[in-house]
Amino acid sequence: MTSPEQGRLAGPLSMSVANLCHRLQPQVSARTAAGFAEVLRRLGAPLQVAVAGRIKSGKSTLVNALIGRRVAPTDIGECTRLVTRFQYGTVDRVEIVFTDGRKQVLPFAADGMIPAELGVDIEKVSHIEAYLTNAVLQGMTVIDTPGLGSLDAASVSRTEQLLGAAKHRKDEDDEEGSDELDDTSRNAVAGAEAVLYVVTQGVRADDQQALAAFTAATASREAGPVNAIAVLNKADTIAPESVEGADGDVWKAATILSEKQASTLKPRVADVLPVIGLIAESAESGGFTSADAEALRQLAELDDDVLQTMLISADIFTSWECDVPAGTRLRLLEKLDLFGVSHAVEAIRKEPEITAGALRRSLLDASGLEAVRQRLSIVFAARADGIKAAAALASVTALAHASADPAERQRVHDAIEVLLAKPEAHQLRLLEALTLVASGAVDMPEDLSEEVLRVGSNADIGAQLGKPGAPRSELAAHALERAGWWRSFASFGATPAQSRVAHVVHRAYFLMWQQVREA
Ligand SMILES: Nc1nc2c(ncn2[C@@H]2O[C@H](COP(=O)(O)OP(=O)(O)OP(=O)(O)O)[C@@H](O)[C@H]2O)c(=O)[nH]1
Ligand SMILES: [Mg+2]
């Protein structure tokens, strides 16, 4: 089959769901067919990653760092109350999309950023689309969202609308047979496919609620370890003396806290990684300049006692009597905060000849961004095919559910069953099983649920078996043993829901066994 979107499909699973949509399209009502067309369009687009979290947790800062360009307004302005989608384009262009479907080009501000104030009635704005030439966006579309937990109900509802149901237009004509998407259908096909959840030190039990609320907003898809990771942002602001075992080291403290939060947020997210978004943004987006490096060099020459005193607080740092102009110091604080300044000064003192470029690199290393990027590419990019295909299949299922025609519902249902029965679709079943367990929809004893998570959320067989690096013979024996165990659990020890999951896990082990045995 040839269709325009197939060249860009993420892999064989997406391909099989796309084929299913194509095959069914002529056999369903105009409205369901319009839904399928939307599913097909999304299947061909890069993975949609929403950056979510509480207000002022540093989401936009992190978005800029990831894109490598300071383009999303941070801190203030009405734009931080809007959803902005950053997607790849051949020319830089920003559009305001209104709730009635109208679009209006928005010129960049003088500093190259999206203007913080739009000059239009914000109540009428659905969201902002930013098309940028940055290569990262070829692999994923990044969606910056207003903070959850915000008291501003309007912005929360805008976020929910966009993530849960991208309303490009209001339903003017809602007649039967119309090929316009109705609300239910829109809900079924829209929504982010993956989540980067930003927390800060103060994560509490209700952050898990926020994550669950976000999950609800992603329409028919649940967030889980397959498609959600978290970062502990603003790691630089953690007071290490408040964290036991940190030995006064900020990064160590951040790592310890991240691990604690991982167990709070488990199993909703795969991982919690510490990061300093502000430093990452400055180092990656050209914000850190050679003038900044020069100013830091001057600070490095100060008497250490003086410098340590200045670094006690932002107020002291900017108001202390010193040769570096106060305005310059303020700029350094805005770009690096105290931790970044202190890190840079240490790097200069260790290597006085260090170039501005090498200093920038050292700051980037200190920000932890690289680990986040790597994790993103492991968790999201490597699984984009499975994530997108599972999301598309969930959309197809939801579209069928919403159909008024029972015969149509049955036809779609049967087609999905046929697809899932194919051996190559096993990965989709596994993702589905994993999501059921991770979301608590299917209750499992703790140890079994951890095993399902391990099998379902790792790509490498050694890691799936919980024996990374073990010799093949050991992996094969273990896979076979677990395959047998899960089969008998499916037959004898389980509730019907558990049994369905157990069959899938059994098969996963069986396939692993075949693979290690043959290789
Ligand atoms: N010290 C420090 N400050 C940071 C860090 N990341 C972001 N900030 C600051 O936190 C403030 C809020 O950052 P934003 O990126 O606007 O946060 P946001 O989550 O997008 O905020 P809303 O969109 O309003 O919810 C800004 O002043 C940032 O400079 C960080 O890693 N360390
Ligand atoms: Mg923001």
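The values are calculated or read from the model by the stated rules, or taken from the named source; none is laboratory data. Note that the structure is predicted; figures quoted are calculated from it, not measured. Here Cβ is always computed from backbone atoms with ideal geometry, including for glycine, and neighbour counts include all displayed protein chains. Heavy atoms of the whole protein, side chains included, go into the accessibility calculation; ligands, DNA and RNA do not. Shrake-Rupley method; radii C 1.70, N 1.55, O 1.52, S 1.80 Å.
Things worth noting here:
- Test result for ALA477, closer than 28 Å to ALA384 by Cα and of a type outside the set (Asp, Glu): no
- Identity of the residue in region 57-83, within 20 Å of ALA135 (Cβ to Cβ) and surrounded by fewer than 24 Cβ atoms within 10 Å (Cβ to Cβ), that ends up farthest from ligand 2 (Cβ to nearest atom): GLY68
- Residue within region 135-143 that is within 16 Å of ligand 1 (Cβ to nearest atom), at pLDDT below 85 and of a type in the set (A, V, I, L, M) present: no
- Reported count of residues in region 27-71, each being within 21 Å of ALA283 (Cα to Cα), out of contact with any Gly (no Cβ under 7 Å at 6 or more places or on another chain) and modelled with pLDDT under 90, is 1.
- Residue among SER377, SER342, SER362 that is open to solvent by 40 Å² or more (accessible area, probe 1.4 Å) and part of a helix (DSSP H, G or I): SER377
- Boolean, PRO26 is open to solvent by 20 Å² or more (accessible area, probe 1.4 Å) and either under 22 Å from LEU431 (Cβ atoms) or among the β-branched types (Val, Ile, Thr) (or both): no
- Members of region 304-329 found to be surrounded by fewer than 13 Cβ atoms within 10 Å (Cβ to Cβ) and in a helix (DSSP H, G or I), listed by number: ASP304, ASP305, GLN308, ASP315, ILE316, SER319, GLY327
- Condition broken by ILE279, with the remaining ones in (1) at pLDDT 95 or above; (2) within 16 Å of ligand 2 (Cβ to nearest atom) satisfied: (2)
- Number of the exception - ILE354 against (1) without any contact (Cβ under 8 Å) to a residue 12 or more places away in the chain; (2) open to solvent by less than 20 Å² (accessible area, probe 1.4 Å); (3) closer than 18 Å to VAL199 by Cβ: (3)
- For region 256-273, filtered to residues that are within 16 Å of ligand 1 (Cβ to nearest atom) and open to solvent by less than 20 Å² (accessible area, probe 1.4 Å), the residue that is farthest from LEU66 (Cα to Cα) is GLN261.
- Set side by side, the residues TYR131, TYR88 differ, and just one is in contact with an Asp or Glu (Cβ under 8 Å, 6 or more places away or on another chain) and among the aromatic types (Phe, Trp, Tyr), which is TYR131.
- Comparison of ILE348, ILE354, ILE416 shows that the only residue that is out of contact with any strand residue (DSSP E or B) (no Cβ under 9 Å at 6 or more places or on another chain), of a type in the set (A, V, I, L, M, F, W, C) and not in a helix (DSSP H, G or I) is ILE354.
- Note on region 330-339: residues that are surrounded by fewer than 20 Cβ atoms within 10 Å (Cβ to Cβ) and of a type in the set (Phe, Trp, Tyr) total 0.
- Residue ID - farthest from LEU196 (Cα to Cα), chosen from residues in region 85-110 that are within 16 Å of ligand 2 (Cβ to nearest atom) and open to solvent by 10 Å² or more (accessible area, probe 1.4 Å): ALA109
- Subset of region 58-81 (residues that are more than 9 Å from ligand 1 (Cβ to nearest atom) and not small (Gly, Ala, Ser)): LEU66, ILE67, ARG69, ARG70, VAL71, GLU78
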